[in-house]
1. Cβ under 10 Å from Ala22's Cβ, Ala22 left aside: what net charge do those residues give with Lys, Arg +1 and Asp, Glu -1?
2. Mind checking the angle between helix 35-54 and the chain's longest principal axis? C-alpha axes, 0 to 90 degrees, to the nearest 10.
3. Please state the relative contact order of the chain as a whole percent: Cα pairs under 8 Å, 6+ residues apart?
4. Dipole of the chain, Cα-centred, from +1 at each Lys and Arg C-beta and -1 at each Asp and Glu C-beta, to the nearest 20 debye?
5. For Ile33, Ile21, Ile110, which order do you get if you count the other beta carbons within 10 Å of each Cβ and list the fewest first?
6. Mind giving me the FRET efficiency for Met51 and Glu108? R0 is 25 Å, r the Cβ-Cβ distance, nearest 0.05 is fine.
7. What is the calculated FRET efficiency for Ala134 to Ala62, with r their C-beta to C-beta distance and R₀ = 22 Å, to the nearest 0.05?
8. Take every Cα-Cα distance within region 40-112, group them into 5 Å bins from 0 onward, and report for each bin the whole-number percent of pairs it holds.
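Derivation of every value follows stated rules applied to the coordinates shown; laboratory data play no part. Quick caveat, the model's predicted, so the values are computed rather than measured. With ideal geometry, Cβ positions are generated from the backbone for all residues, glycine too; neighbour counts draw on all protein chains shown.
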Amino acid sequence: MKHASESTDDLPRCEPALRAIAMPADANPQGDIFGGWLLSQMDLAGGAIAMRRARGRVVTVAVTAMTFHRPVFIGDEVTCYAEITKVGRTSVTVKVESWVRRGISKDEEIEVTEGIFTYVAVDPDRKPCPLPPAT
């Protein structure tokens, strides 16, 4: 687990898949962002990467791991980094890490969550279909 005092050198080496600002509607009365909101952002990020690999529609079939390291607050800039960790015949497994920049300067980045998401490629009838060959 990374700590807030660590530098951004520890950021994932993959490109960001999604960036969003945590808003008051996404928080409880104490200003902590709901875990479900963060989970949905991570699912969007992982799904975008899986869709690119599948060159088509994918559906989420599993979240096999989810760890919340630190809270997310209203106003935090949340960035989800996603990378494919496994490719099956019809499925793509993606590791997603969420990091925040908080405060006025937004210089420091802090890892807040990580999870493993599995997606399955589907055809127009929403039935599983084989992934195309990697390019």
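1. On the way: positive: Arg102; negative: Asp26, Asp32, Asp76, Glu77.
Once all neighbours under 10 Å are counted, the net charge is -3.
2. 40
3. Values: 284 pairs, mean separation 39.6, N = 135.
Computed over the chain, the figure is 29 percent.
4. In total the dipole reaches around 740 debye.
5. Working: Ile33 23, Ile21 10, Ile110 19.
Ranking Ile33, Ile21, Ile110 by Cβ neighbours within 10 Å, fewest first, gives Ile21, Ile110, Ile33.
6. On the way: r = 31 Å, r/R0 = 1.26.
Efficiency at R0 = 25 Å is approximately 0.20.
7. Values: r = 22 Å, r/R0 = 0.99.
Computed FRET efficiency for Ala134 and Ala62 comes out at 0.50.
8. Bin by bin from 0 Å, the calculated values are 3, 15, 25, 21, 13, 11, 7, 3, 1, 0.
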